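To start, the structure itself, in structure tokens.
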Amino acid sequence: MSKNSYLLVLGLAFLNSRQLVANSNDEYFDMSIQDLLKVKVDVVSDFLETPSEAAASLFHIESDQWESLGAFKNSDIFEMSPSLLILPTTGESVAIRGYANTLSRRGIGTLIDGVSVNEMAFGSSQQSAEHISLGVADSLDIIRGPASVQYGTDAFHGVLSFQTYTQNKKENKIYSQLANDGANRISLKYSQPYGDGHFINIALDRSSLLNDDQEHWVYGENGISGDERRLDREENRSVGSALIKIHNGEKADLTYNLMHLYNENDSTGLPGGAQKTGYSDADVVGNISYNRLTKLVVNKRIGQFNYGFVLHNQNMNRVIPFQFNLSPPPLVGETLTKFSNQGSELYGKYLSPQKDFRLSLSLSVSKQVINEAVSQFSTLDGIVFPKSVAKYDGFERNVESFVLQGRKTIEPLDLDIEFGGRIDWHSNIGRQLTPRLGLIKHFSDKQVLKLIYGESFRAPTAAELEGSSIVRGSTSLNSEILKTVELIYSREYSTGQVQVTLFKSLWEEGITLMDIDDVEYSREYQNIADNSGHGVELSVLWGTYDWQLSSDLSFIESKDDLNKIDYSAFPKYIWNSKVSYGLSVQSSFFLAQRVLHDMTAGHDSSADTDLNTYVRHDVGYEYNHSDDLKFNAVVKNAGNQENWLPNIDNGPKGIRGRPISFFAGLSYKML
């Protein structure tokens, strides 16, 4: 990273820190600046803490916030986080802090109430399918960097953690959303107390997205440069979720929380993100998935101690229908994968009366099985081929884990020592040890400096261990390891907060495809890649009587050290900002901006065309008729800028971002 880039971002942090002096008032906004700073979550550790107290880089957003911003898909709120890039493919992939390539589909844990829903065949979750829709979620936390101590494999580059709807009082809320391109959403949240301190929560959500244009470039049938075509493709998506939860709140000494979530996703879109292999205009790839998740938590509190157990059971069926018109002969068909995941955990935790020492311990076991993985092909004139069974059909992984996490405060030094570690015994790869250590210096109640070292791992997926018809797997693969050091400075003011983060990461034992000389296979998975990344992130949160500002700026570089090439598809600069103005007690207006600068169309030399700077402006208006009735309208890409995003499958010139679009939402709470 250049010295000038560091100085630029650090200089902006100093400049903004000198300006946070105005009086604050929450009269005009749903959440004041101080409300935002005081939100507590337990996503980084087993204890409630604010993002500034957590031993990680954490982004938190709640459902009221993303509704006011016109968020429709999960990715609409992902991209609000610093240092995060959404990559259109056959759906959408996520890259955090660099490393944007085809493996961006892996290594990011997607959690629903703390349970990973990454499918085991390829380790991905968000790509192609949303396993939860926004209408049944209360909040989202995004961890940038290692999180394996808390969540094990897949929490590698980061974590996307959804918390489902939970309410401790009577509530009936309906939310509806419409868009100019036919997108629509209807959701219901219902809470009813019963008995003595017990509650039943129900949330239902259905959203549809029709004819969402994704213009992109593809190579011609010869798959060579100079033979490109610009195509206009459409994505269609329908997502629905149903949640039921029974619990007795958090105040009792003995608490329970039982939830069941059902989710279905039906989508069609671009095949492979428009790869250079030359798909024709008529090609279609779909994704139909059904996900069922049940979780039970029982907790007993005795003084300063808490102990309890957690049970979870997940089942997912995924069908991928397709039609490829350029294959000889043209083929239609589908692949079916059935996956199950069961687990149990015993835990105990202690927080001292002075809150200067805390410790948590847990023991867990889990079993993940690919119960079925088959494909069926046929020609357009009805000739049916025999079923093809994937090599990872019947794959099974058993994991036993022990986790220790703690924090000790050294009062004379105003210093917190964060410590933790995790030991996993995987039936496929053996033992895996993952440490975390942090020093948190409190210069005052408002000023903190954190030095954090953490490691994460990604165990080989079923496809990497077992292979496919053309790729040879390897049962001798080791886990990938990510080692990260972060230095985080945070200062709060009466009107806001400034935070600066410096980080450096080393990605070792990277699993990648290598060409081999073999009669049956052309390539093989090997632990051969080494990668590195570093960067600086600046976040500013500020508010006055009738203004609010949030702004995030990052400079990030990442590199493939083996091949000595940059991961140039990830923008070196990402800038998100949002300015809100309270027009009156009932109404407010916002202007948001997203800028991506210095990136290429693909991730290697076959598609290294420089992309123009991505600049998108969103504007919105919100009107609160009463505490029960709220209306908002949002125009995304208000200037209808022609923005292009990288294509990690190496299409020649990228994939076009969303054109101008209009969203309107109506929220009504009934007695």
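Which of Lys446/Lys559; Lys73/Lys169; Lys349/Lys504; Lys355/Lys441; Lys295/Lys349; Lys169/Lys367 have a Cα-Cα distance over 25 Å? Those over the limit are Lys446/Lys559; Lys73/Lys169; Lys349/Lys504; Lys169/Lys367.
Summary of the geometry: the range 510-579 and the range 157-203, compared by the centres of their Cα atoms, lie 33 Å apart.
Summarising the strand pairing of the range 451-526, around 95 percent of its internal DSSP beta bridges are antiparallel. Legend: calculated FRET efficiency, Lys446 to Asn563, from the Cβ-Cβ distance at R0 = 60 Å, rounded to 0.05, equals 0.85. Report note on the peptides 247-256, 574-583: ranked by the mean count of other C-beta atoms within 10 Å, highest first, their order is 574-583, 247-256. Solvent exposure of Leu85, expressed as accessible area, is near 0 Å², computed with a probe of 1.4 Å over the protein chains only. For the range 627-649 versus the range 347-395, the spacing of their alpha-carbon centroids is 34 Å. Sequence-ordered 3J(HN,Hα) estimates for the range 566-580 from the Karplus curve with 6.51, -1.76 and 1.60 and θ = phi - 60° stand at 7, 7, 6, 6, 8, x, 5, 10, 10, 10, 10, 8, 8, 10, 10 Hz, glycine and proline given as x.
How much of the accessible area of the range 558-671, in percent, comes from carbon and sulfur atoms when a 1.4 Å probe is used? Accessible surface attributable to carbon and sulfur in the range 558-671 totals 55 percent. Amide hydrogen proximity for Asp181: with H placed 1.01 Å from N in the peptide plane, the residues at 5 or more positions away or on another chain lying under 5 Å are Phe662. Ranking Ile574, Asn624, Leu611 by how far each Cα lies toward the positive end of the dipole of the range 565-629 (charges on Cβ) leaves Asn624 at the top. When +1 charges are put on Lys and Arg Cβ atoms and -1 charges on Asp and Glu Cβ atoms, the dipole computed for the range 518-671 relative to its Cα centre reaches about 780 debye.
With a Förster radius of 60 Å, plug the Cβ-Cβ distance of Gln354 and Ser522 into 1/(1 + (r/R0)^6) and report the FRET value to the nearest 0.05.
So the FRET efficiency works out to roughly 0.45.
Accessible surface ranking for Trp547, Trp507, 1.4 angstrom probe, highest first: Trp547, Trp507. In vacuum, with every alpha carbon of the range 41-121 counted as one equal point scatterer, what does the Debye formula give for log10 I(q)/I(0) at q = 0.22, 0.25 Å⁻¹? Two decimals, please. At q = 0.22, 0.25 Å⁻¹ the computed log10 ratios are -1.32, -1.42. Can you give me the long-range amide H partners of Gly107? Hydrogens built in the peptide plane at 1.01 Å from N, cutoff under 5 Å, separation of 5 or more residues or another chain. Here nothing satisfies the definition. Using a probe radius of 1.4 angstrom, the carbon and sulfur fraction of the accessible surface of the range 470-509 is 55%. The residues of the range 313-468 expose, per residue, 48 Å² of accessible area to a 1.4 Å probe. Shown is the FRET efficiency for Lys669 and Leu311, computed with R0 = 22 Å from the Cβ-Cβ distance and rounded to the nearest 0.05: 0.10. Placing dummy labels 7 Å off each Cα toward the beta-carbon, the span from Gln641 to Glu396 is 5.4 nm. Spin-label pair Val619-Leu178: with each label point 7 Å from Cα along the Cα-Cβ axis, the two points sit 2.2 nm from one another.
When nucleic acids and ligands are ignored and a 1.4 Å probe is applied, His625 ends up with an accessible area of around 110 Å². Bridge orientation summary for the range 426-567: considering DSSP beta bridges with both residues in this region, about 95 percent are antiparallel. Each label was represented as a point 7 Å from its Cα along the Cα-to-Cβ direction; for Val365 and Lys169 these points are 4.4 nm apart.
Residues whose amide H falls under 5 Å from that of Asn428, counting only those 5 or more places apart or on a different chain, are Asn398, with hydrogens built in the peptide plane.
The values are calculated or read from the model by the stated rules, or taken from the named source; none is laboratory data. It should be emphasised that the depicted structure is a prediction, and the values quoted were computed from it without experimental measurement. FYI the Cβ positions are ideal-geometry reconstructions off the backbone, even for glycines, and counts take in every protein chain you see. Each accessible area value is taken on the protein alone, full model and side chains, heavy atoms only, with ligands, DNA and RNA left out. Shrake-Rupley method; radii C 1.70, N 1.55, O 1.52, S 1.80 Å.
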